[in-house]
1. Starting from the Cα of Lys47, draw a straight line to each of the lysines and keep only those under 18 Å, dropping any in the same chain fewer than 8 residues away.
2. Taking 37 °C and 0.692 mPa s as the conditions, I'd like the Stokes-Einstein D for the range 138-199 in µm²/s, using the Kirkwood hydrodynamic radius from alpha carbon pairs.
3. Suppose every Lys and Arg Cβ carries +1 and every Asp and Glu Cβ carries -1, with no other charges. What dipole size does the range 127-200 come out with about its Cα centre, to the nearest 20 debye?
4. Given an 8 Å cut-off on Cα distances and at least 6 residues of separation, report the relative contact order of the range 113-173 as a percent.
5. About the Cα centre of the range 61-210, what is the dipole size in debye to 20, counting +1 per Lys and Arg Cβ and -1 per Asp and Glu Cβ, all else neutral?
6. Please compute the contact order of the range 86-210 in relative form: average sequence separation of alpha-carbon pairs under 8 Å and at least six residues apart, divided by the residue count, as a percent.
Amino acid sequence: FDLCVQLAGPTPSEDAVQACYGGVAMSMFMPLIPENTDLHNVETVTKDSLREFCSTLSSTSEIGVCLRSGWSLFGDDLYEPGFVDTFCSTQPNGTESDLCYRKIFHGIGWENLATPEKVTAFCHSVRKEKRQECFMIAAEEAITQRGGHRGVASAIALCRTADENMGNRCVTAVAERAGYYVPKGSLERRLYCAEVPRDLLDDCVNSIDQ
């Protein structure tokens, strides 16, 4: 974590530092190469020891990213009603709590691309104020992981499993955020927008590239 601050230079961007923190923490709990396990001794960290392990870090940002990056240690516990609410409420502050929810929502969406019913059950298990964000982020994962227009139908189908008002807002977001996924005026944009409801077509076609 100290190296992240050093690499960011004398006037570090908070986003850059947080991205670096996230990469370090991910290598602790989701090692992609054998060397990561050796470097961080990840095998000794369990869901029961996570909080103690993270408390040894020096700043609230480090503790927060450590805790939320350990979400995958909890497996099926995450799907129990109220579990994620309790887990994220013990973050160092409100900002870290919001980041905790977002981290887990992205993870659950990515992990269950082939089982959207599990995403639906999960999003309904979190407190009401966070459900819409859960569905929107899971829909975003369906789009990004399947590759732009190929994931739109799946994303909209997932949105539709939310409560009616929440689902409608989720579908609207899919249409309005086309510019995040496919270039304006491209064949990919036309294919993307062909999947959205007709009343949202103009919003989708005219979405500004991000």
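Readers should treat all values here as calculations from the given coordinates under stated rules, not as data from a laboratory. These numbers were taken from a predicted model, which means no experiment stands behind them. Positions of Cβ are generated from backbone atoms using ideal geometry, with glycine treated the same way; all protein chains shown enter the neighbour counts.
1. Lys103
2. The Stokes-Einstein estimate is 291 µm²/s.
3. That gives a dipole near 80 debye.
4. 31 percent.
5. Charge dipole, the range 61-210, about its Cα centre: 320 debye, nearest 20.
6. So the answer I get is 19 percent.
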